[in-house]
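Trainee: Supplied in structure tokens, the structure appears directly below.
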Amino acid sequence: MRFRLSYVGVTLLLVACTVTITLIGRKSIWLAISDPPSSRLETRSIHINAGCSCDDSETARKNERTSRDMKADIIRLINTVLKDSLERNSSSDKSQSPTKLDIVGKGSNDSSIDLVEAMRTFKGTWRENKVLSRQMKHELAECCDVESSVMTKRNVRVGDVLPNVLNPKLPLKITRDIYSVLPKESPFMNKHYQRCAVVGNSGILQRSRCGASIDSADAVFRCNLPPLGKQIYRKDAGIKLTLTTAPLSMLKSYAQMKDKSVKERFLKDMEPYQGILSLKKPNNYTNYMIQALEGAMKGRLCAVYEHPHHFLSVNNYWNNHGIPRKITSGIYMISMALTLCDDIHVYGFWPFPTDDKGNKVLYHYYKAPIFIKDTHDMPLEFLLIKQMHQDGIIKVHMHCAQTIGQSKQHPIGKKQVRPRL
């Protein structure tokens with residue numbers, strides 16, 4: 001409606017100016033008719049006394065030139081007004097575009113994000129910054145040693161009371177049953193990888209063709225037990241796995257692990273996975289899961305308990321770098337990769353309902369129940385991931401046309417500023 005009103009105003013202005021131009025074109029004739037002869041003679045005598053030798057024909061030509069100049073000025077004015085009107089309406093249209101979305105989250109400093117600009121960031125040439133990368137990895141290693149990320153018989157004892165990340169009001173007490181299933185040492189002891197892929201579960205992975213790029217990494221970190229066994233997801237998400245989080249909300253269907261049929265179903269569902277399942281919190285049925293995997297998978301897949309002190313240390317690190325709320329498992333996996341890997345490549349992170357073209361983006365690239373709680377600030381985390389990409393610390397992939405190893409460029413010089421995290 002605002003757009004139409006603007007054009008009505010411009011149209012009325014054009015009509016008024018057209019009338020004005022017509023009147024200006026007739027100015028000489030109108031003046032000649034309206035002025036009395038004595039006035040014309042007085043005017044002529046003034047020109048002569050001033051030293052002007054112009055006769056009536058020259059005056060007419062001068063009036064004609066003045067008329068043309070005034071017409072040109074009015075036309076330029078009309079064009080300027082019309083251009084400004086079009087630009088205002090264009091700007092108004094863009095502000096309503098679905099490619100610019102409000103950021104939801106109490107911790108967000110920005111009220112909105114331009115999805116076109118965000119996607120353009122990931123399409124440009126990426127250059128690794130080894131100076132900043134080493135600095136961040138050193139900071140994370142100092143506060144959050146990766147070997148302490150898992151509860152082991154070396155870092156906890158029977159009777160220890162640990163914080164409960166899921167519910168701070170209910171501290172976690174280490175019982176003999178819990179202690180009995182802990183590994184002697186961390187599975188990450190003396191581990192290091194050259195290239196790592198961290199894979200989120202956003203629907204942006206659909207039709208990304210990133211499966212081969214992901215599987216070419218030396219280690220792959222995933223979140224929340226994604227469905228690796230289904231062929232339809234392999235081209236986009238790959239099948240390789242080194243570590244994945246396994247939230248209790250996805251394991252409750254196996255709570256009756258003492259039942260033989262439930263145990264068999266659990267082991268069958270776990271067949272596509274390998275490496276390590278990271279469990280958030282121990283309880284009775286997760287203890288049975290660890291024992292069942294140890295007996296059936298023969299080391300190909302094991303389950304461990306995440307150490308709450310490590311998670312809280314990582315969470316505190318990011319609280320001091322721009323994320324005021326509890327971090328997601330995605331940021332936690334990126335942090336793990338930063339302390340275990342030389343090169344970190346990130347896939348499947350896009351917390352918005354549309355892409356840069358306004359197309360719908362599913363919450364997950366696969367069908368899954370959506371558990372939304374007001375505990376995370378995923379858009380703000382995405383802006384931090386975007387910043388790390390721009391600063392050459394991690395490489396974010398939205399679509400894949402080449403392998404992960406081919407995308408690495410030469411490092412940036414040492415004069416690069418510290419990332420704004």
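A short reminder: the numbers here are calculations on the coordinates, not readings from a lab. Worth saying up front: this structure is predicted, and the values here are computed from it rather than measured. No Cβ is skipped: glycine too gets one built from the backbone with ideal geometry, and neighbour counts run over all protein chains shown.
Trainee: Using θ = phi - 60° and the Karplus curve 6.51 cos²θ - 1.76 cosθ + 1.60, what whole-Hz ³J(HN,Hα) does each residue of region 315-322 get, with Gly and Pro shown as x?
Mentor: Values per residue, Gly and Pro as x: 4, 5, 4, 6, 4, 7, 10, x Hz.
Trainee: Hey, what do the phi angles of region 228-242 turn into as Karplus ³J(HN,Hα) couplings, whole Hz, using 6.51/-1.76/1.60 and θ = phi - 60°, x for Gly and Pro?
Mentor: Per-residue couplings from phi come out as 6, x, 9, 4, 5, 9, 5, 5, 9, 10, x, 10, 6, 8, 10 Hz.
Trainee: If you average 1/r over every pair of different alpha-carbon atoms in region 230-361 and take one over that average, what Kirkwood value in Å do you get? Don't skip to the end; give the middle numbers.
Mentor: On the way: mean 1/r = 0.0585 Å⁻¹.
In region 230-361 this quantity evaluates to 17.1 Å.
Trainee: Let me ask another. How big is the Kirkwood radius of region 112-407, worked out from every pair of different alpha carbons and given in Å to one decimal?
Mentor: When all Cα pairs of region 112-407 are included, the Kirkwood radius is 19.8 Å.
Trainee: In the structure shown, do any of K252/K281; K260/K281; K169/K280; K169/K281 have a Cα-Cα gap over 18 Å, and if so which?
Mentor: Pairs exceeding 18 Å: K260/K281.
Trainee: Using label points projected 7 Å from each Cα along Cα→Cβ, tell me how many nm separate I232 and D259, to one decimal.
Mentor: Going by the 7 Å Cα→Cβ label model, 2.8 nm.
Trainee: Can you tell me which of 291-300, 312-321, 201-210 comes out highest on packing, and rank the rest after it, using the mean Cβ neighbours within 10 Å?
Mentor: Put in order of decreasing packing, that is 201-210, 312-321, 291-300.
Trainee: What would the Debye equation give as log₁₀ I(q)/I(0) for region 176-263 at q = 0.23 Å⁻¹, counting only Cα atoms as equal point scatterers?
Mentor: Debye curve over Cα of region 176-263, log10 I(q)/I(0) at q = 0.23 Å⁻¹: -1.14.
Trainee: Residue by residue through region 292-298, what is 3J(HN,Hα) from phi via Karplus (6.51 cos²θ - 1.76 cosθ + 1.60, θ = phi - 60°)? Round to whole Hz and write x for glycine and proline.
Mentor: Calculated HN-Hα couplings, in order: 5, 5, 4, x, 9, 8, 6 Hz.
Trainee: What residues have an amide H closer than 5 Å to that of Y305, excluding those fewer than 5 places away on the same chain, when H is modeled at 1.01 Å from N in the peptide plane?
Mentor: Here M151, L279 satisfy the definition.
Trainee: With each label point set 7 Å from Cα along the Cα-Cβ vector, what nm distance links K252 and K173?
Mentor: Result: 2.5 nm between the two label points.
Trainee: Pull up the DSSP beta bridges for region 112-407 and report the antiparallel fraction as a percent, rounded to 5.
Mentor: 15 percent
Trainee: Still on this structure, please answer the following. Check which residues have an amide H placed less than 5 Å from D145's amide H, if you skip close sequence neighbours.
Mentor: Those qualifying (amide H under 5 Å, at least 5 residues apart or on another chain) number zero.
Trainee: If I model a spin label as a point 7 Å beyond the Cα along the Cα-Cβ vector, how far apart are those points for K360 and M297 in nm?
Mentor: About 3.5 nm separates the two model spin labels.
Trainee: Work out the length of the dipole vector of region 123-208 about its Cα centre, built from +1 on the beta-carbon of each Lys and Arg and -1 on the beta-carbon of each Asp and Glu, and round it to the nearest 20 debye.
Mentor: 260 debye
Trainee: For V198, V304, V181, which order do you get if you count the other beta carbons within 10 Å of each Cβ and list the fewest first? It would help to have the intermediate numbers written out before the result.
Mentor: Numbers: V198 31, V304 22, V181 19.
Starting with the residue having the fewest Cβ neighbours, the order is V181, V304, V198.
Trainee: Something else about it: If amide H atoms are built 1.01 Å from N in the plane of the peptide, which residues on other chains or at least 5 residues away come under 5 Å of the amide H of F188?
Mentor: It is none; the list stays empty.
Trainee: Then there is this: Using alpha carbons only, how many angstrom separate the centre of region 293-313 from the centre of region 211-244?
Mentor: Measuring centre to centre over Cα atoms gives 19 Å.
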